[in-house]
1. Quick one: which of 142, 129 is over 26 Å from residue 65 (Cβ atoms) and touching a residue at least 40 places away in the same chain (Cβ under 8 Å)?
2. Looking only at segment 49-59, how many residues end up being surrounded by fewer than 18 Cβ atoms within 10 Å (Cβ to Cβ) and either under 12 Å from residue 111 (Cβ atoms) or out of contact with any strand residue (DSSP E or B) (no Cβ under 9 Å at 6 or more places or on another chain) (or both)?
3. Go through segment 78-94 and count every residue that is surrounded by fewer than 19 Cβ atoms within 10 Å (Cβ to Cβ) and closer than 17 Å to residue 41 by Cβ.
4. Does segment 98-107 contain at least one residue that is at negative phi, surrounded by 18 or more Cβ atoms within 10 Å (Cβ to Cβ) and free of Cβ contacts under 8 Å to residues at least 60 places away in the same chain?
5. For the subset of segment 6-17 comprising residues that are touching a residue at least 12 places away in the same chain (Cβ under 8 Å) and over 16 Å from the mean Cα position of the chain (by Cα), which member is surrounded by the most Cβ atoms within 10 Å (Cβ to Cβ)?
6. If I filter segment 11-22 for residues that are closer than 19 Å to residue 137 by Cβ, assigned to a strand (DSSP E or B) and in contact with a strand residue (DSSP E or B) (Cβ under 7 Å, 6 or more places away or on another chain), do I get at least one hit?
């Protein structure tokens, strides 16, 4: 568990949470670790969203397949980044994107409902995790707004 925590503690979801807290939270979050080979689909467009993923090693590519068959790469992610949290927390039932391993990868999956809802024990560290998730989502929203500003400015130049 210590080796696993040494990787995930570098993700903002775990800010203010120590190793002993992680050990107690792991069963509550229904964590499971899986390995994928390069090119494997980790999550397919249309799959139900029940978990978010945290990359422990390797890398993933988030892609959107168009009706015309074109593939758009939305993001290239590596350890210890998250994927699926925006859609999961927004209540999207089925993934609108495909996530593929861009290299041999190990992913920690966590039940997102268990992250955003405090458990019956009302653990302080669980509340901290909810706060951390809000910060992550807010920063991603700000980044998307910056991208919109850049694209709007570029469009005016054309």
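1. Values: 142 fails: touching a residue at least 40 places away in the same chain (Cβ under 8 Å).
After ruling out the rest, the residue left standing is 129.
2. 1
3. 2
4. yes
5. Going through the qualifying residues, I end up with 17.
6. Scanning segment 11-22 turns up no residue that is closer than 19 Å to residue 137 by Cβ, assigned to a strand (DSSP E or B) and in contact with a strand residue (DSSP E or B) (Cβ under 7 Å, 6 or more places away or on another chain).
We did not get these values from a lab; they are worked out from the coordinates using the rules stated. Only a predicted model underlies this, so the values are computations on that prediction, with no experimental measurement involved. Please note: Cβ atoms are built from the backbone with ideal geometry, for glycine as well, and neighbour counts cover all protein chains shown.
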